Amino acid sequence: DANIPIRAHGDYYPIDRIAPFWEWLLAQAEAGRIKMPRPIYDEVARSPDLLGQWLRRPEVRKAIILAEATNKATVQTVISQGYAPDLDAELLSLTRDPFLVAAALGGPDRVVATREVSKRTQQRGKRRVPDVCATMGIECINDYELWRRLDFRIA
């Protein structure tokens, strides 16, 4: 989810202070373990701050963007099953979350990482990523679990 790199840079791994984290993240992307669907990448990379600058570096961009194109039919399935069957895609235009969930449906063993927490009382277009993932049968973890699974360490 876009909030993972945004909060990592903004809260605890600033690019200009904890460069080894970003080098590790790039290595994970190059190895195919971390990817961002293009709509999520575009959302974060347009920022003029250091994170946006880092993401726009050619080697980072090439490594981190999920190569496959967005499957619009899968996005529509996520919207209708994960949010509401009568929900107009335009109502979700402020969020890229359906694209994230759809990308996770595009291959085996894919996991969504987000800082959002479940809030089952939210309905329709306000549903949270973990709840939509649960509906769609996708594993959803937070950033700290992602770092643990991929064995991030600062020596």
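The values are calculated or read from the model by the stated rules, or taken from the named source; none is laboratory data. Note that the structure is a prediction, hence the values are computed from the model and not measured. So basically every Cβ, Gly included, is an ideal-geometry build from the backbone, and we count neighbours across all protein chains shown. Just the protein is used for accessible areas: all its heavy atoms, side chains included, with ligands, DNA and RNA removed. Shrake-Rupley method; radii C 1.70, N 1.55, O 1.52, S 1.80 Å.
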task = Assess whether Ala155 counts as being open to solvent by 20 Å² or more (accessible area, probe 1.4 Å) and over 14 Å from Ile79 (Cβ atoms).
result = yes
message = Looking only at the stretch 109-131, how many residues end up being farther than 22 Å from Tyr41 by Cβ, open to solvent by 40 Å² or more (accessible area, probe 1.4 Å) and modelled with pLDDT of 85 or more?
response = 6
task = Consider only pairs whose beta carbons are under 8 Å apart and that are at least six residues apart or on different chains; among these, list those whose first residue lies in the stretch 39-53 and is closer than 19 Å to Ile18 by Cα and open to solvent by 60 Å² or more (accessible area, probe 1.4 Å) and whose second residue is part of a loop (DSSP other than H, G, I, E, B) and not small (Gly, Ala, Ser).
result = Leu50/Pro14; Leu50/Ile15; Leu50/Asp16
inquiry  = Being part of a helix (DSSP H, G or I), under 23 Å from Glu139 (Cβ atoms) and within 15 Å of the chain's Cα centre (by Cα) is the filter here; which residues of the stretch 1-34 pass it?
reply    = Asn3, Ile4, Pro5, Ile6, Arg7, Ala8, Leu25, Gln28, Ala29
key: Those helices (runs of 4 or more DSSP H) lying entirely in the stretch 35-93 with at least 2 residues over 25 Å from Ala8 (Cα atoms) and modelled with pLDDT under 95   = 72-77
message = Can you go through Thr95, Thr70, Thr74 and tell me which one is open to solvent by less than 40 Å² (accessible area, probe 1.4 Å) and either under 16 Å from the mean Cα position of the chain (by Cα) or not β-branched (Val, Ile, Thr) (or both)?
response = Thr95
Residue pairs meeting the criteria (Cβ under 9 Å; at least 6 apart or on separate chains; first touching a residue at least 60 places away in the same chain (Cβ under 8 Å) and assigned to a helix (DSSP H, G or I), in the stretch 112-138; second among the acidic types (Asp, Glu) and surrounded by 12 or more Cβ atoms within 10 Å (Cβ to Cβ)) = Val129/Asp1; Val129/Asp97; Val129/Glu116
